[in-house]
Structure formats: C-alpha cells, structure tokens
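Have a look at the structure below before the remarks.
Rule-based calculations on the coordinates, nothing more; no lab input. Keep in mind it's a predicted model, so treat the numbers as computed, not measured. Here the Cβ is made from the backbone with ideal geometry for all residues, glycine too, and neighbour counts use every protein chain on show.
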Amino acid sequence: MQYQDPSFAAALVAWQKQHGRHGLPWQNTRDAYLVWLSEIMLQQTQVAAVLGYYARFLERFPTLASLAAASVDDVMAQWAGLGYYTRARNLHKCAQRVVAEYGGVFPSDPALLAELPGIGRSTAAAIAAFSAGRRAAIMDGNVKRVFARVFGIDTYPGERRTEEAMWARAEALAPDEDIEAYTQGLMDMGATLCTRSSPSCERCPMQARCVAYATGRTAELPVRKPKKATPEKAARMLLLVDRGQVLLEQRPAVGIWGGLLSLPELDGHLPLADAGEPAADAAVAAAVQPFGVMESLERLLPVMHVFTHYKLHIQPLLVTLSSRAALAGEQRYQWLDAGALPGAALPAPIKKLLLELLGEHRQARIF
Ligand code: SF4
C-alpha cells in the first residue's frame, strides 16, 4: 500500500514510550467515558487548560449515566469558561444517545463512534485507539503539521486533495500493535516537539527522515492558507447636479446596496454606448439625455470602497445640466435636495462621497 513504512511507527512508539507524556489523568485507562470526555475537552483547548475542568467535571458527573441524566443547564454550568460551548451540548446529547442506543457502553468501532454527536473522524479514532486498542488513524492540526514537515508536503493541508492524501498516509502508517503509544506519540510530538513556531528538531525522533529539517523549511511547512487576491471592480457613477438637487436612483432590491438610493451607474442601469472605453463626452451626454441636456462634464478623482469580497473603484462623473427633462415614468429615479443627503437612505461610501464632493465650497460653485 502507498505510504506504508513500519519504521515510522516504530520510531514514534519507541520515542513515546521513553519521552512522551504518561501521567495525564485520562491516560492509563480503558474507560471509554474518561477517554471520550478528555478528547472532547482537548478539541481546540490545550492540556493545561483542560486539567482543572476535567477533574471538576468528573467529580460532578462521575459516570456516563450521571451525565446523561443531568440537565443540559447543569452540564453547561460545569463547562462554563472552557469555551466552544457546542462541545458541551453535543457531549450531553452524546451521553444520552450512548445510554439509549448502546446500553451506556461506547461502541469500539470508530465508524459507529463517528456517528455520535460531537465526535468527528479523528476523535472517533482516538477514542477507539485509547479505549479499545483499535487500529485507527487520527488527523488533527498537530498531526497535519508533523506530516507536512516530516514528508515535505508543500501544499496547503486545508485543501481537499492534500487532506485526503494526509488521511491516506495516516491510515497506512498506523501500526497494528501499540496503537495507543503511536497515537499518543503523534499528539505528544505535535504538542511538545514539533511545535508551530520553534520545533525542537535536535530532540526529535523523526529528524533523520524529516524533509523540512533536511531542507531548512521548518518555518515554511505546513504551507499556510493561500490568500486569495481581492477581486476588483470598477463603476462609473453619474453625479448629476441641477438647481441644488442631485439625481439618485433606487437600486434593485437584491444585490449590493439592495433597495437603497445611490448614484446612477453608467454601464449598469444606464446604457453607455462605448462601455469599456473611457467615458467620452458624447456618450455621457447621451446617457444623461433622459434627464436633460448636459452642460458640463468633469471627471472627478476615483474613490475606492472595500467590500468584504471585493474592492470597488468608483469613477464619479460630475455633470451639470442646461435644461432638465421631466422624469416621466422613471419611478426609480428622483431628484433630491442636496440638504436632504445626510438623512437619505444612501450606502455609506456613496453618502460620504456626496457629502465630500457637494460640500459647501463645491455647492457654491456647482449649484
Ligand atoms: S525534525 Fe523538527 S520539523 Fe521535523 S518533525 Fe522533528 S521537530 Fe518537526
């Protein structure tokens, strides 16, 4: 099978037995309740933070049956301060399911464990390995880091194909014997040796086979999440002013700024003959024609607005009219007094733009 290499597990198991952690309160037991509770608490939480909670929780709920019989409020109260509270709700639901469906005894099959609330594939494997000695592969953030470095995996582990390949590797490397020490070894290595920012390579049992160490890339691996370039869009907006008023358009109900008033967009709702080209005076005059006869056109400096998913570059085209046409049948357009702009339902960047551009010094000039 691809990725098989018994020497990997042998080195890890030998190291764990000699140098790994052995005295944690959830170790040296096959009690699935104790193992399960620790694995859930350790999701997204460091060992040091879990220790006190684990002891107090077990004092209050010493058995699975006592936890299943408790109220959810009682469980939440014991969890308070540990964070990620969905874990506590799922913990309670899971206890009730194990009592109802398995007579209060956790199944040892990782596939069945993974169907219970709050237990994912990796947690199921850890519970099965520690409580039943079942050969099953774990894959959490620590293991991904160790694998990425030891095997020189230079694609982002959160990417589906990379993650699938890591799972395949984890399945292939898990040993038939000593699965407990192996699983604990992976956890211990990730937490104590192969740490994110300063791995202790000089003490590491994987040093001789570690690609990141050999190539000086421990700081680069695992590959960080690639940053997506923010898409950029451009819009030419018509800033049509006439007799102390500004022409506004109500935007469609869906899409950005849905239902708000905004500036009419050339190439958007207003046709522009030469869309894609710099707005020629004649083309702008033609677009303006339904509202009146263009007197002057000034291309103002572009402004940029950053949305969550893209950047919008707005090119404002300031237009004055020599005569105004009636807005016959054009319900979505309206002339608004400049003085009413601060209270109008305008998108924040458009309001800012208008208030800046039509500030008093400008108003005096253009209205
Ligand atoms: S040699 Fe260093 S980088 Fe490689 S697995 Fe060990 S601690 Fe991590």
Exercise for the section: Scan region 122-158 for residues that are within 16 Å of the ligand (Cβ to nearest atom) and of a type in the set (Phe, Trp, Tyr) and jot them down. Expected result: Phe147, Phe151
Exercise for the section: Among the residues of region 189-199, count how many are touching a Cys at 6+ places or on another chain (Cβ under 8 Å) and near the ligand (Cβ under 6 Å from one of its atoms). Expected result: 2
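So which residues in region 229-265 are of a type in the set (A, V, I, L, M), under 18 Å from Lys311 (Cα atoms) and touching a helix residue (DSSP H, G or I) at 6+ places or on another chain (Cβ under 9 Å)?
The initial filter retains those residues of region 229-265 that are of a type in the set (A, V, I, L, M), namely 229, 234-235, 237-241, 246-248, 253-254, 256, 260-261, 263.
Okay, now just the ones that are also under 18 Å from Lys311 (Cα atoms), so 229, 234-235, 237, 256, 263.
Scanning region 229-265 gives Met237, Leu263.
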Handout entry: region 201-217, subset more than 6 Å from the ligand (Cβ to nearest atom) and either within 24 Å of Tyr3 (Cα to Cα) or not in a helix (DSSP H, G or I) (or both), residue farthest from the chain's Cα centre (by Cα)
Key = Ala208
Exercise for the section: Considering each residue of region 218-238, count those that are within 16 Å of the ligand (Cβ to nearest atom) and polar (S, T, N, Q), and give that number. Expected result: 1
Handout entry: Hey, Phe130 of a type in the set (A, V, I, L, M, F, W, C), in a helix (DSSP H, G or I) and over 24 Å from Val223 (Cα atoms) or not
Key = yes
Problem - Given (1) more than 10 Å from the ligand (Cβ to nearest atom); (2) crowded, with 17+ Cβ neighbours inside 10 Å; (3) within 26 Å of the chain's Cα centre (by Cα), index of the condition Arg161 fails - result: (2)
Handout entry: Any strands (runs of 3 or more DSSP E) falling wholly within region 275-333 and containing at least 2 residues that are under 44 Å from the mean Cα position of the chain (by Cα) and within 24 Å of Leu260 (Cβ to Cβ)
Key = 303-306, 311-324
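Answer with yes or no whether Val241 is under 30 Å from Val284 (Cβ atoms) and either within 16 Å of the ligand (Cβ to nearest atom) or assigned to a strand (DSSP E or B) (or both). Reasoning before the result, please.
Numbers: under 30 Å from Val284 (Cβ atoms): yes; either within 16 Å of the ligand (Cβ to nearest atom) or assigned to a strand (DSSP E or B) (or both): yes.
Yes; evaluated as a whole, the condition is true for this residue.
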Practice task
Would you check which residues across region 85-105 are more than 25 Å from Val143 (Cα to Cα) and outside any helix (DSSP H, G or I) and list them?
Solution key: Gly103, Gly104, Val105
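Residues are listed down the side, and each one gets a yes or a no for (1) under 24 Å from the mean Cα position of the chain (by Cα); (2) within 29 Å of Gly158 (Cα to Cα):
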residue	(1), (2)
Ala88	yes, yes
Val99	no, no
Tyr102	no, no
Leu116	no, yes
Phe130	no, yes
Gly141	yes, yes
Val146	yes, yes
Exercise for the section: Give the residues of region 137-178 that are in contact with a Ser or Thr (Cβ under 8 Å, 6 or more places away or on another chain) and more than 19 Å from Met189 (Cβ to Cβ), sorted by residue number. Expected result: Thr155, Tyr156, Arg161, Thr162
Practice task
Check Glu177 against each of (1) surrounded by fewer than 15 Cβ atoms within 10 Å (Cβ to Cβ); (2) of a type outside the set (Ser, Thr, Tyr); (3) without any contact (Cβ under 8 Å) to a residue 12 or more places away in the chain; (4) within 12 Å of the ligand (Cβ to nearest atom) and name the one condition it does not meet.
Solution key: (4)
